[in-house]
Each structure stands twice: as C-alpha cells, then as structure tokens.
Amino acid sequence: MPVLEIRDLKKYFPIRRSIKEFLTAKPPKFVRAVDGISFSIEKKEIFALVGESGCGKTTTAKLIMRLLEPTSGSIIFNGNDITKIDEKEYRKKVQMVFQDPYASMNPRFRVYDVLEEPLLIAGIEDRKEREERIMKALEAVKVSPPGEFVHRFPHQLSGGQRQRVAFARAIILNPEFIVADEPVSMLDLSVRAEILNLMEEIRDKYNVTYLYITHDLSTARYMSDRIAVMYLGKIVEMTNSDSLVEKPLHPYTKALISAVPEPDPKMRGVIKEIPVKGEVPSAVNIPSGCRFHPRCPYAFDRCMKEEPELKQVESGHFVACHLY
Amino acid sequence: MSILSVNNLKAYFLTIRGAVRAVDNVSFSLEKGESLGLAGESGCGKSTLGYALINLLPPPGKIMDGRILIDGVDVTKLSEDELRKKVRWKKISMIFQGAMNALNPVYTIGYQMSEPLIYHEGMSKKEALEEAKRYLELVGLSRDVVNRYPHELSGGMKQRVMIATALILKPTVLIADEPTTALDVIVQAQIINLMKKLKKELGISIIFISHDLSVISEIADRVAIMYAGKIVELGSSDSVYLKPKHPYTQALLRAVPRIRGKKEKLAFIPGAPPNLIEPPSGCRFHPRCPYAFDRCMKEEPELKQVESGHFVACHLY
C-alpha cells in the first residue's frame, strides 16, 4: 500500500473581479495552480516533483500539508483520506522542511525552543523526555556538540546549520512522511551535498518517505527514486529518475534536460539548441488542448484540440503527450 | 594591452564591528573580447568586486587600496563627475543582480533605455528611441517593446532589456552579476546563448559573476575562483575545470550534481565560509582544507603561476 496517494487533485485560486466585470456578471476567473494530478508514493521512496516556477509544485506541497483546502480530488495517507484524520495526529506523521532556512525559524527562539515547540504541541509533558528527544534529533542531523548548539539563536548559525535544525525539527516527532520544498536551493554549493546526503541518512534511519520538491533536475536525479515533471498544473511525465534523465519522452522534459549546463568546458554548447520558444504562460489563460502546444516543436492539430492523458507507455513510465 | 587590469584591489565595508574585507588584494586582467567567469559562494566578495570595478560600492563600502585601469585610466583616481561622464556605461557597464527588479515600474522601457543616450550622447528623444529599438532587436525582442511597461514583460524579457540597456553606450567591458540566477532553466539557457552571441558579434569583454560553476563553464574563456575575498585560482576554463589545483576548487567541482553521465556520490566541504572581519590566519581556507599543514596556518599563500596561464594560491604548489 502506498504511503501517500493523490487522486485527481485540483486547486483553483479565484481572481478578484473588477467592478465592471462584476456588474456585467462575467464569470469569475481562476488561477488553475494544480489542475488534476494523480500519483502515489511508496514507503521509503524519495519522490521528486520537478518544474519551473509557477507550475504548481509548492501548491501541491501545501495541499498535502493541509495548509490549503483542495478544490477537488483527494489525498490518501496510509489508506485514509487526510480530511478525515485529526489534524494534530496528521501533523505528527507528516512534516515539512521549507525552502528558506533564514525565514522558517523564529529569530527570537533559541535552537532549543525551535525544537521544543513541536513536542509541546504534540503534548509531551515530561521536560526530561523533551530534552532527550531534542538532543537525539540534533545528534541525528549531526551538529556538534548538541549541548552547546541548543543555546544558539538562528542568526548565529550558517545556512547549512539552519537547514540541519529544520530537519531536526521535522524528524523530532518521528514522522512517516516529510515534504521537503526546495531544501537546498538557498544553500551554497559546498554545503548542498551535505544536506542532500543527510536527507538520505534520515530516510534510512527513520524509515521516512519523502516528497522532494525542486526546480533542479540534477539534484532531483541525484536524490530521488522517481521523478514527476509538472507543467502548468499538470504532470507531463513520471518515471524512475534514471530513465527520466536518460530517456525523456515528453518534449518539455527533453527541453528541460537539454537546458541544464555542465561544469565541464568540454561539454560547452550542450545547451546550444533549445527548440522550446518563449516562457511559461500564465495559469489563468491556460492554452487549449495540450498546455505545452504553443511552445512545443512537435505540436500538430490534435495537440491544440485535445488534452493528452497521462498514460503508461513503458512499464512505470507515464507521459502525457499525443506523440506516444 | 589588457582592456581592464586590476592590481592589489582592496574593497572593505567599514562597519562598527570592524572592516569587512570583502575584496582583499585581488589582481587580474581582462583582454579584449575575452570573458572571465568569477565564481564563488555567497559572501566571497564576487559582487563587491563587480561593484568596485565601476566604483559604485554602496556605503559603507570603500575602495581602500589598489588600481583599476580601464583603457589605461585609473578609475579609482577619478572624481564622481568624471566617472559618470567618461567611464560608467561608456567604457564599463553592469547588469545588476536581480536585474528584473532594477527597472522603474512607472516608466516605459523606451524611456528608461533612451535616458543614457540623451544624457551621454546628446541625442534627441526620437533618435534615442530609434537606437533603443535597434538594441531591443539585437537582444531578440520586438521593437514595440519600447512602449511597454516592466510589468507587462516576463522575467526573461526583462533580463533581455537589462542586457540591451547595459550595451546601449557601446561599452568595452560588461559586468554581468548573476544574470541568470532568478530565471528558470530554459530561460537561463536562452540568456546564456544570447550573451555568447553578443560577445561574438560585438567583441565585448565580459566579466560573468555567478555562483553556478556550470553556467560559468558555458560562457567563460577564463575562470577566477574566489574564496573569502581572495582569488584562489585563476586560469583558462579548460585547465581550471579539468585540472583544478586548489583544494577548494577541487571540492567545489565534486559537489556539483550532474545530470548527464554516471551518478556519483556528491562531496561537500565541511564547515562554513569564514567571517571576513577576522579572517583565519595564513591561508583563509585552511580550517576547511583536508590537506592543511603547519605553514598554511601561518603564512598566506601568494597567487602564483604553476602552469602557463594557470595561477593558484596554495602552499601545496
């Protein structure tokens, strides 16, 4: 049984109408941030959701965290619809790590307070136990020495150390599932790998399952077992990470991969030819048919009229494109 | 002769707690038509160096010492007035970091682009607008963008406008400070390709500042790696990327996840970059360096040539 299953999830945000639009009774417009996505994540899997800014990946994360109510569709956690689970119980099992380690911690809290808060909310009354768990969590994220570390304020920590504390906070209630929203994109290259490796260690030690959200295909490939590529609120391709990178099928995935430069002057010019033109359109005016057709070099008649379904073309390899 | 040469440049931020030595004794030169990549992590002084080159350091930043020769003229010696009239934008211009927010939201693109032409070249509004349209075409935008306001443009289009504006007085040197950082990967590739094309067509020299080693390897002929206010390695892209000498460069390159080829375990550098008010003694990298020995703690390594055109500041060589 998958740990998390998402079924036809949609989230539309209404746009405020102008007075004129209101008086002429124009229908309200919506930003279709997440527009019918389905996937499931197995136990101990690292599942990456990759896409450019505005594709709906963070909205998906917020829906899973119950920070937003879905417009329609359902999220099933361990066989139960998450709207039917008590919110406090749910948060004990599902935790999140945010993108910006400089903004996700209260600047007036010491590390100890940052880590104690979830324990207090979870109703752990015994002070001794709280302290033990805080120390254990800090040891797990390998800050040394934890005894001295707990008295520091966030501004006294480097970006990498803060993100370690953020992971300690996420694991302190022994969750089953962690949503990591761009956990390394604000960090310097030299500490990025440190955090990514830590994520893997936490998975092995605590049996956690991850949803890893990123715009960076290289780290997604490095970290995850499977990758789903999102474009304008839809999943366009989904498969295990090696075949996604080595044998991408969707023209959008191909373009994304071809646009990634390499740190090797011999590979210079790998990003020479990018057939995709222009930029991502607004999620208010989503193109008819396949959403990618105005930018797609292979678009034909059918792409303009009919929206492609996400279908399996090889074992475990799903793509939403009329070419397949 | 080099078009730009920097000698022993020191740019400090004079704060209450002490001088932050953001750029400390940096020397390099740039040839005509060459692109130099300036790479390093946040806080290593790469943007400060960029600002110092056009003598536009925000206070409390100050150029303490050193020379910056552009076409034989030392810009550190010029008055603000002379700098404005003769140097900035005409000889050396800059695409600022976060350029997408550098445009004034209440003026049209045409107005903002023609301003330098009217003030510096004495053009009429009409002539200036015509020239602005020509530059918009050069960067791959349509001519009618002159009538648009910044909010009507996408991120990639704004970045193209910034590039066009930086080039409009035909500078010989262009400093691009993280020009692709806030952009999505496909747009980033489009902008890199545009900058390569412009470099070839206009013969300008580019200083490309970025934290992203992959982006720099796409565009730079030579690379300078900065750490804690100093250049630790400088050489042709081929030799720095393929035969990195400095332990810092070696570690950085092992930390880049790659999308092509075999999946390899990523390495990282333990610790964090030092505080630049009181940098470590000796080599500034020694507390994080796996090869550090006695001498590294005491004596600061000089940037010295170890192979033709390849300079390293490390006691191992």
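The values are calculated or read from the model by the stated rules, or taken from the named source; none is laboratory data. For clarity, every value in this text was computed on a predicted model and none was experimentally measured. Ideal geometry is used to build each Cβ from the backbone, glycine not excepted, and the neighbour counts take in all protein chains shown.
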A:Asp242 within 13 Å of another protein chain (Cβ to nearest Cβ), out of contact with any His (no Cβ under 6 Å at 6 or more places or on another chain), surrounded by fewer than 24 Cβ atoms within 10 Å (Cβ to Cβ) and under 24 Å from B:Ile269 (Cα atoms): no
Matching residues in segment B:158-193 - criterion: being of a type in the set (A, V, I, L, M, F, W, C), free of Cβ contacts under 8 Å to residues at least 60 places away in the same chain and under 14 Å from B:Ala102 (Cβ atoms): B:Val161, B:Ala164
Residue tally, condition over 19 Å from the mean Cα position of the chain (by Cα) and either aromatic (Phe, Trp, Tyr) or buried (at least 16 other Cβ atoms within 10 Å of the Cβ) (or both), over segment A:103-119: 10
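Being within 21 Å of the chain's Cα centre (by Cα), more than 14 Å from chain B (Cβ to nearest Cβ) and either among the small types (Gly, Ala, Ser) or more than 18 Å from B:Leu266 (Cβ to Cβ) (or both) narrows it down to one residue among A:Ile213, A:Ile286; which is it? Talk me through it step by step, then tell me what you get.
Numbers: A:Ile286 fails: within 21 Å of the chain's Cα centre (by Cα).
Every option except A:Ile213 fails the conditions.
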Among the candidates B:Leu56, B:Leu38, B:Leu14, residue that is in a strand (DSSP E or B), under 17 Å from the mean Cα position of the chain (by Cα) and not charged (D, E, K, R): B:Leu38
Any chance A:Lys11 is over 13 Å from A:Val179 (Cα atoms), without any contact (Cβ under 8 Å) to a residue 12 or more places away in the chain and touching a Lys or Arg at 6+ places or on another chain (Cβ under 9 Å): no
Wholly enclosed strands (runs of 3 or more DSSP E) of segment A:208-324 bearing at least 2 residues more than 29 Å from A:Leu196 (Cβ to Cβ): A:311-314
Segment B:269-298, residues that are more than 18 Å from B:Val312 (Cα to Cα) and touching a Cys at 6+ places or on another chain (Cβ under 8 Å): B:Pro273
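Residues checked against (1) in a helix (DSSP H, G or I); (2) out of contact with any strand residue (DSSP E or B) (no Cβ under 6 Å at 6 or more places or on another chain); (3) free of Cβ contacts under 8 Å to residues at least 24 places away in the same chain:
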position	(1), (2), (3)
B:Ser42	no, yes, no
B:Ser47	yes, no, no
B:Ala52	yes, no, no
B:Gly66	no, no, no
B:Arg84	yes, yes, yes
B:Met100	yes, yes, no
Candidate set from segment A:1-29 (those that are of a type in the set (A, V, I, L, M, F, W, C) and surrounded by fewer than 17 Cβ atoms within 10 Å (Cβ to Cβ)); member that is modelled with the highest pLDDT: A:Phe13
Candidates B:Ser142, B:Ser114 - the one that is surrounded by fewer than 18 Cβ atoms within 10 Å (Cβ to Cβ) and more than 20 Å from B:Ile204 (Cα to Cα): B:Ser142
Residues of segment B:29-46 that turn out to be on the phi < 0 side of the Ramachandran plot and more than 14 Å from chain A (Cβ to nearest Cβ), as a count: 6
Subset of segment A:197-210 (residues that are polar (S, T, N, Q) and more than 14 Å from every other protein chain (Cβ to nearest Cβ)): A:Asn207, A:Thr209
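So which of B:Ala272, B:Ala251 ends up being in the same structural domain as B:Leu14 (by TED's automatic domain parsing), more than 14 Å from B:Tyr317 (Cβ to Cβ), of a type in the set (A, V, I, L, M, F, W, C) and part of a loop (DSSP other than H, G, I, E, B)? Outline the logic, then answer.
Working: B:Ala251 fails: part of a loop (DSSP other than H, G, I, E, B).
Among B:Ala272, B:Ala251, only B:Ala272 is in the same structural domain as B:Leu14 (by TED's automatic domain parsing), more than 14 Å from B:Tyr317 (Cβ to Cβ), of a type in the set (A, V, I, L, M, F, W, C) and part of a loop (DSSP other than H, G, I, E, B).
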Meets criteria (assigned to a strand (DSSP E or B), buried (at least 21 other Cβ atoms within 10 Å of the Cβ) and within 10 Å of another protein chain (Cβ to nearest Cβ)) for B:Val240: no
